[in-house]
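Heads up: the structure comes next, in structure tokens.
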Amino acid sequence: MQQVQKAASAVKEYEFGHSDRELKRLATQAQLIDPITRRFFLDAGLKPRMRVLDVGSGAGDVAFLAAEIVGASGAVIGADRSATAIAAAQARAKERSLSNVIFRQGDPAELAFDQPFDAVVGRYVLMFNPDPAAMLKGLARQLKPGGIIVFHEVAWTGMASFPPAPLYDRCRTWIVETFRKVGTNPHMGIDLYATFLRAGLPAPKIGLQALAGAAPGGPNIVDLIADLVVTMAPVMEQHGVATVAEIGAATLTARIRAEADALGSVMVGRYEIGAWSRV
């Protein structure tokens, strides 16, 4: 998952930081997930000329997406606690010659900005925060009156295969169990509504989408899930969820594809859930 910036002791699935392999994984994720995030942002009311704060910006994918929506007349500031993430995002912004995106290191709820924002956005951020309602409450203070707050989170309850492909379904079990052991909420998406209310925000509108597909071809949902399992493999083993040998990183994607192809299975991904309201 992107923007895993909680305390390092609880988020060891990102122990490889922003290596070339991890940036490649995030690029695959962005290719598959960005259209869903874009839909949530547009439904929430993001439009050209807006000034946007991207929370937990990681390697910059969501900030770049927001920058496309607000255009050259708008501006996006990505904030992240990780200096490594900020450096990676700045390098990618330079490669893309983006002049309407900048990145700052620090807690976005506490950073001082020269003016408030029209929108605060985030993807896969609240699930890693020990008090997401408090985080939202703090972020709302960065908004102009009538500003938009929109977050895209996941709920792993949606992941399944039909007919069941055992290895694909086992990946869901490994991921969910590991997230729970490290203190991450694997179903933050379905908690978004209540979290907005606890933060004192207006009741949000909710959107739900999911990726679905068969084994052949790529990149698709199989790549997304297998890449995440491989990234998390060391912490899975550390917490007794699955051994590195059992996961078999080098062949995991191929084995899932072969099994699903043999069974004629359709794989459905986790629920992708968006929530948004105006403050």
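In the chain, what percentage of the DSSP-assigned beta bridges are antiparallel, given to the nearest 5? The answer is about 50 percent antiparallel.
When Lys and Arg each count +1 and Asp and Glu each count -1, what net charge do the other residues less than 11 Å away from residue 60, Cβ to Cβ, add up to? Spell out each step's value before the answer.
Values: positive: 92, 94, 96; negative: 54, 61, 80, 95.
Every neighbour counted, the sum reads -1.
The ranking of 191, 43 from fewest to most other beta carbons within 10 Å of each one's beta carbon is 43, 191. The modelled label-to-label distance for the pair residue 244/residue 162, using points 7 Å beyond Cα in the direction of Cβ, is 3.8 nm. This ranking places 187, 152 by how few other beta-carbon atoms lie within 10 Å of each, fewest first, which gives 187, 152. Of the trypsin sites (Lys or Arg not before Pro) in the range 134-182, the ones in a loop by DSSP (not H, G, I, E or B) with at most 11 other beta carbons within 10 Å are 141.
Over all distinct Cα-Cα pairs of the range 8-278, the Kirkwood formula returns a hydrodynamic radius of 19.1 Å.
Kyte-Doolittle cut-off -1.0, length cut-off 24 Å along the helix's own axis using Cα: show which whole DSSP H helices in the chain pass. Show your work: numbers first, answer last.
Numbers: long enough: 20-44 (33 Å, -0.43); 221-238 (26 Å, 1.36).
TM-like helix candidates: 20-44, 221-238.
Each label was represented as a point 7 Å from its Cα along the Cα-to-Cβ direction; for residue 141 and residue 262 these points are 5.8 nm apart.
Taking the inverse of the mean 1/r over every pair of distinct Cα atoms in the range 75-201 gives a Kirkwood hydrodynamic radius of 16.7 Å.
Between 133, 120, 101, the Cα set farthest toward the positive side of the dipole of the range 66-170 (charges on each charged residue's Cβ, about the Cα centre) is that of 101. Placing +1 on each Lys and Arg Cβ and -1 on each Asp and Glu Cβ, with no other charges, gives the chain a dipole about its Cα centre of roughly 640 debye.
Karplus-derived 3J(HN,Hα) values for the range 99-107, using 6.51 cos²θ - 1.76 cosθ + 1.60 with θ = phi - 60°, are 9, 9, 10, 10, 10, 10, 8, x, 6 Hz; glycine and proline are entered as x.
Take the Cα of residue 113, step 7 Å along the line toward its Cβ, and report every residue of the range 54-78 whose backbone nitrogen sits under 12 Å from that point. Counting only backbone N, you get 54-56, 75-78.
Express the C-alpha Rg of the range 192-279 as a ratio against the empirical globular expectation 2.2 N^0.38 Å, rounded to two decimals.
On the way: Rg = 17.7 Å, N = 88, 2.2 N^0.38 = 12.1 Å.
Taking the Cα Rg and dividing by 2.2 N^0.38 Å, one obtains 1.47.
No lab work stands behind these numbers, since they all come straight from the coordinates. Please read these numbers as outputs of a predicted model, since none were measured by experiment. Note: ideal-geometry Cβ built from the backbone for every residue, glycine included; neighbour counts use all protein chains shown.
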